[in-house]
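Scroll down for the structure; my scribbles are underneath it.
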Amino acid sequence: VVVRSLGWVLCRLPPSVCVWLGMALGTLGYWLQPKRARIGSLNLKAAFGDQVSPASAQRIVRGVFRQLGAGLIEMLRLPAMDAAYVDRYIQIEGREHMERAVTSGRPFVCLTGHFGNWEFLSITAALKGYPVTALARQQKDFPKLYALLVASRESKGCRIVHKSGAMRQMLQALQ
């Protein structure tokens, strides 16, 4: 009820205000989660060595927290999003590759990582009319929140297949 109510309020605010709120929330998270921030900096050091200074690593990690906060708020605003919203606020890079894959008539798989607001890839594709079947791991810690997320995804045209027993459903989607 709290999440739905918060989403209802956020859907009535301008997107720019919501992104600002999300980034502020992410900044707060950065300061309230120093252990996670330190892990992020250590991961950057492990990946890039001395190519990234400690100050740059801190700035990058803080930016990641800010982006996660903005992404969380955007997910709560999902009921207000449609194809016009995508056209206005979401920049799609490399759309020509998706167009080429779809118009080829052959099935294809799009693999992504948890980078940026990964949730919007499948939602944006579905809102733009592409057939989307997304593979997801069912979250058991917060089943009601997860059910709300799945319902939001599916309300925008995504078909969600859960990893347990997914092979047959994924093959059917490819056919």
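Give segment 100-121 a look and list any residue that's outside any loop (DSSP other than H, G, I, E, B) and not charged (D, E, K, R), or say none.
ALA101, VAL102, THR103, PHE120, LEU121
Scanning segment 1-30 for residues that are assigned to a helix (DSSP H, G or I), open to solvent by 40 Å² or more (accessible area, probe 1.4 Å) and of a type in the set (Val, Ile, Thr), which turns out nearest to ILE90 (Cα to Cα)?
Top of the filtered list is VAL19.
Just give me the residues in segment 31-65 being part of a loop (DSSP other than H, G, I, E, B) and either surrounded by fewer than 16 Cβ atoms within 10 Å (Cβ to Cβ) or in contact (Cβ under 8 Å) with a residue 12 or more places away in the chain (or both), in sequence order.
If the condition is that a residue be part of a loop (DSSP other than H, G, I, E, B) and either surrounded by fewer than 16 Cβ atoms within 10 Å (Cβ to Cβ) or in contact (Cβ under 8 Å) with a residue 12 or more places away in the chain (or both), then GLN33, SER53 are the ones that fit.
Considering segment 148-175 alone, what residues qualify as being in a helix (DSSP H, G or I) and open to solvent by less than 60 Å² (accessible area, probe 1.4 Å)?
Selection gives LEU148, LEU149, VAL150, ALA151, SER152, ARG153, ALA166, MET170, ALA173.
Would you mind finding the one in ARG95, ARG100, ARG106, ARG137 that is on the phi < 0 side of the Ramachandran plot, open to solvent by 50 Å² or more (accessible area, probe 1.4 Å) and in contact with a Lys or Arg (Cβ under 8 Å, 6 or more places away or on another chain)?
None of the others qualify; the one that does is ARG137.
Tell me which residues, restricted to segment 103-126, are in contact with a strand residue (DSSP E or B) (Cβ under 9 Å, 6 or more places away or on another chain) and over 30 Å from GLY40 (Cβ atoms).
If the condition is that a residue be in contact with a strand residue (DSSP E or B) (Cβ under 9 Å, 6 or more places away or on another chain) and over 30 Å from GLY40 (Cβ atoms), then ALA126 is the only one that fits.
Which condition number in (1) more than 29 Å from VAL1 (Cα to Cα); (2) of a type in the set (D, E, K, R); (3) free of Cβ contacts under 8 Å to residues at least 40 places away in the same chain is the one that LYS128 fails?
(3) is the only condition that LYS128 fails.
The values are calculated or read from the model by the stated rules, or taken from the named source; none is laboratory data. On a predicted model such as this, the values are computed, not experimentally measured, just so you know. FYI the Cβ positions are ideal-geometry reconstructions off the backbone, even for glycines, and counts take in every protein chain you see. Surface areas here come from the heavy atoms of the whole protein model, side chains and all, with no ligands, DNA or RNA. Shrake-Rupley method; radii C 1.70, N 1.55, O 1.52, S 1.80 Å.
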